[in-house]
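Single-structure report; data block below.
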Amino acid sequence: MARWDEITSVGDVEDRRGMGPVSWLAGGGGIIAILITIGLNFLGLNVSPGTVQDVVNNFQSLNGSSASQTEQDPEFRGADSYEVFAQKVLGSTNDTWTQVFARNNLTYQEPKLVLSRDATQSGCGVATSQVGPHFCPGDASIYLDETFFDELHSKYGADKGEVAQAYVIAHEVGHNVQSQLGAFGQNGAASNEESVQIELQADCYAGVWAYSIKQLGIFEGDEINQAISAAGAVGDDRIQEAAQGYTNPESWTHGSSEQRVAAFTRGYESGKPGLCSGF
Ligand SMILES: [Zn+2]
């Protein structure tokens with residue numbers, strides 16, 4: 001088991017599990033759906049802005065103006081091991097990127113991580129479990145549905161280890177880094193090719209985080225292979241093959257398994273974010 005206990009930093013994790021989506025839809029004007037489509041979606045599902053808007057409308061018509069739920073169901077109250085894990089991993093990414101930014105005379109803005117189950121409202125629309133873990137530049141937050149980790153295991157055969165889960169968080173943190181460095185421009189639309197570059201760079205940034213964690217002696221044995229196999233399991237080619245039986249590189253938004261593993265490894269072996277471009 002990786003020695004997460006040695007991490008003393010605590011990231012900003014907001015636990016919305018067991019609260020239902022309703023309260024996050026209250027005052028739902030000005031919902032920005034488009035950012036979800038730019039390839040931040042970890043699973044590589046193509047979710048169009050229309051789809052996201054549909055989800056919003058469905059929730060609103062289902063729920064009408066019913067009272068919002070502002071308290072968690074009792075089973076989620078208090079910090080469980082999953083929440084503590086997310087806090088520590090996020091905290092360690094804060095340490096890594098604060099140092100990198102400081103070396104470049106920049107100040108790193110720490111992201112928030114919202115833990116949810118089933119659906120919650122994000123600054124980019126409704127974050128459902130179908131969308132998968134993603135980063136929303138609009139509110140600088142990572143949205144993580146805890147059911148994703150089970151899916152990662154059962155659908156793609158990745159190890160269900162904590163290092164693989166930490167890689168997912170570190171990848172989304174990579175998007176926060178990109179956001180602060182201006183990678184997303186003004187509108188959310190990106191070509192598939194640009195999207196692949198953005199995703200591979202986020203994988204490489206996750207590798208840079210893993211490098212710093214390795215220096216701290218957090219990983220034991222060959223645990224890093226969990227992250228590498230998770231990166232391979234979510235390549236567009238493997239996902240498409242599983243979903244439709246063939247692959248179509250033109251439609252890729254995240255890169256092939258081989259590309260994703262190579263990008264992560266480049267960051268992990270060098271520890272240098274400056275090498276995380278030009279894939
Ligand atoms: Zn991503």
Protection proxy (average C-beta count within 10 Å per residue), highest first, orders 197-207, 224-234 as 197-207, 224-234
Highest mean first, how do 4-13, 81-90 rank when packing is the count of other Cβ atoms within 10 Å averaged over residues? 81-90, 4-13
Per residue of segment 98-110, in order, report the coupling 6.51 cos²θ - 1.76 cosθ + 1.60 (Karplus, θ = phi - 60°) as ³J(HN,Hα) in whole Hz, putting x for Gly and Pro. 4, 5, 4, 5, 4, 4, 9, 6, 10, 10, 7, 8, 6
Near the amide H of residue 121, under 5 Å away, which other amide H atoms are found, from residues 5 or more places off or on another chain, if H is placed in the peptide plane? 24, 127
Two pseudo-spin positions, 7 Å from Cα along C-beta at residue 220 and at residue 80, lie apart in nanometres by 2.3
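All other residues with a Cβ under 10 Å from the Cβ of residue 174 taken together, and with Lys, Arg as +1 and Asp, Glu as -1, what is their net charge?
Summing Lys and Arg as +1 and Asp and Glu as -1 gives -3.
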Net charge near residue 83, counting Lys/Arg +1 and Asp/Glu -1 over other residues with Cβ under 13 Å of its Cβ? -1
Let me check I've understood the local charge: for residue 116, count other residues with C-beta under 11 angstrom from its C-beta, Lys and Arg +1, Asp and Glu -1. What total comes out? -2
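Throughout, read-outs are computed from the coordinates displayed, never taken from laboratory work. For clarity, every value in this text was computed on a predicted model and none was experimentally measured. Heads up, the Cβs are rebuilt from the backbone with ideal geometry, glycines too, and the neighbour counts pull from every protein chain shown.
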